[in-house]
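One structure below.
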Amino acid sequence: MELNGVNFDTYFRNYPDKKGYFGPYGGSYVDADLQKAMDEITEAYHTICQSRKFIAELRRIRKEFQGRPTPISHLERLSTSLGGVQLYVKREDLNHTGAHKLNHCMGEVLLAKYMGKKKVIAETGAGQHGVAMATAAAYFGLECDIYMGAVDIKKQAPNVARMKILGANVVEVTHGLQTLKEAVDAAFDAYTKDYKNSMYCIGSVVGPHPFPLMVRDFQHVVGEEAREQFVDMTGHLPDAIVACVGGGSNAAGFFSGFLNDPVDIYGIEPLGRGTALGDHAASLQYGTEGVMHGFNSIMLKDENGEPAPVYSVASGLDYPSSGPEHAFLHSIGRVKYDVIDDEETIDAFYKLARLEGIIPAIESAHAVAYGMKLAKKMGTGSVLINLSGRGDKDMDYIIENYGIR
């Protein structure tokens, strides 16, 4: 397949390029000292990812520890309620720790151990990346500092407790809006002071090169499994696939299995309370090109050109930018990025629970909501949704703010 000059037969060989760019997006915008650390990680990753020993170890971990492959489930009752389109979900909620995040965390911490690092540093919003990182650090015997905004600590108390039980040091971030963007700021600051002994394990396909590449590669297992499983289950490819997008790690891995197929691909951003700046986190819909956290992408900006305040009911999606690969795929038209608001998300959360016995993460419920909307428009066909995580972490927040419906 070729689209707007991009040949998807050779896509993964060419994107990102050697400097970490997907077209104009990506790169590494950090100071000279930190760039040395990025270069060290890049060299180590390109060495280790070709190692038979590393690949075999990661495959063993995925099978014996993570419980991969995760299955695909047919949402028969939900599909019937919507009409003739058949909805399916890739069950990343059944991955160990309850979300897709462990896919790249085990890879990143294995890399950190290979590099001789003693500590891993990470940020988290919804807490799933923090739990996965704490799990990986415990598995490999490394120290672990997790930076998390005070607002998210309150919203995601169950995951905070899990991180602490796993031995991680949870560092509360109290400046700014006290959510994901501030947690990333604080984690980066801590890393710059101790990059010789530690490795910053970014929680999404964001940040300076090589992280957008590395996280996508570790998450590719989701799309690879999903494509094979769906064809085996149905005899054909899905007509459309859907995933939620904040920074975009689950979507990048999921989409990567289908980029060269005649499949419609949808990335769903959080519209939150509406289109006013500060009421949503839909950067690809309403943002412009800009640099933050060491990479160039599409971001939401305030009147001074700085990262704008953002909001989403989902703590894992309230980030004022998106991964550079998503910006690129958006610019060439290979992926359609659209939005779902809070109310549609909560409705989908309850419908999936009541009709299918699956409680999704609020992040994942954005994708489920859009899949439901898409099914009504299509009339016939099939839609495969990436259910990126489970909703245990969100139940107290949902009940407190929305009640039992």
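Within a Cβ distance under 9 Å of residue 122, other residues only, what is the Lys/Arg minus Asp/Glu net charge? Computed value for this residue: -3.
Charge dipole (Cα centre; +1 on Lys/Arg Cβ, -1 on Asp/Glu Cβ; no other charges) of the chain amounts to roughly 1140 debye.
Between the alpha-carbon centres of region 261-319 and region 226-258 there is a gap of 22 Å. Helical content alone sets the calculated 222 nm signal of the chain at -13500 deg cm²/dmol, taking -39,500 (n - 2.57) per DSSP H segment of four or more residues and averaging over every residue.
Comparing 202, 265, 61 in a Gaussian network model of the chain where C-alpha atoms under 10 Å apart are linked, the largest mean-square fluctuation is found at 61.
Estimated at the nearest 10 Å², the accessible area of residue 221 is 10 Å² with a 1.4 Å probe. In the set [x] 27; [y] 14; [z] 8, the label that goes with percent of Cα pairs over 40 Å apart computed for this structure is [z]. Within the set 351/377; 164/301; 155/351, which residue pairs have Cα atoms separated by over 24 Å? Beyond 24 Å: 164/301. Ligands, DNA and RNA excluded, the heavy atoms of residue 77 present near 140 Å² of accessible surface to a 1.4 Å solvent probe.
Once you sort the root eigenvalues of the Cα gyration tensor of region 1-84 as a ≥ b ≥ c, which label holds: rounded (a/c under 1.5), prolate (a/b larger than b/c) or oblate (the other case)?
On the way: a/c = 2.35, a/b = 1.44, b/c = 1.64.
Judged from the Cα gyration tensor, region 1-84 comes out oblate (a/c at least 1.5, b/c at or above a/b).
Can you give the charge dipole size of region 281-405 about its Cα centre, rounded to the nearest 20 debye, using +1 on the beta carbon of Lys and Arg and -1 on the beta carbon of Asp and Glu?
Details: 11 positive and 18 negative charges, 141 e Å.
Rounded to the nearest 20 debye, it is 680 debye.
Give the relative contact order (percent, whole number) for region 94-247; include only Cα pairs under 8 Å separated by 6+ residues. Once divided by the residue count of region 94-247, the mean separation gives 24 percent.
Ignoring ligands, DNA and RNA, what percent of the accessible area of region 78-149 is carbon or sulfur (1.4 Å)? About 49 percent, which is the carbon plus sulfur part of the accessible surface.
Relative contact order for region 47-175: 17 percent, from Cα pairs under 8 Å spaced at least 6 residues apart, divided by residue count.
Annotation: lysines with alpha-carbon distance below 19 angstrom to residue 36 (same-chain offsets under eight excluded): 18, 19, 113, 117, 118, 119, 193, 196. Accessible surface area normalised per residue over the chain is 38 Å², counting heavy atoms of protein chains with a 1.4 Å rolling probe. Structural descriptor for the chain: relative contact order 20 percent, calculated from alpha carbon pairs under 8 angstrom and at least 6 residues apart.
Which residue fluctuates most in the GNM of the chain (Cα springs below 10 Å): 165, 340, 268? For the chain, modelled as a Gaussian network with Cα springs under 10 Å, the answer is 165. For region 63-165, the square roots of the Cα gyration tensor eigenvalues, ordered a ≥ b ≥ c, give a/c of at least 1.5 with a/b no greater than b/c, which places it in the oblate category. Name the most mobile residue of 50, 285, 128, meaning the one with the largest mean-square fluctuation, in a Gaussian network model of the chain with Cα contacts below 10 Å. Per the Cα network of the chain with a 10 Å cutoff, 50 tops the list. For residue 54, the solvent-accessible surface computed with a 1.4 Å probe is close to 20 Å², ligands and nucleic acids excluded. Region 172-223 and region 120-170 have Cα centres separated by 13 Å.
The values are calculated or read from the model by the stated rules, or taken from the named source; none is laboratory data. Since the structure is predicted, the reported quantities are computational estimates derived from the model, not experimental observations. Neighbour counts run over all protein chains shown; Cβ positions are idealised from the backbone, glycine included. Just the protein is used for accessible areas: all its heavy atoms, side chains included, with ligands, DNA and RNA removed. Shrake-Rupley method; radii C 1.70, N 1.55, O 1.52, S 1.80 Å.
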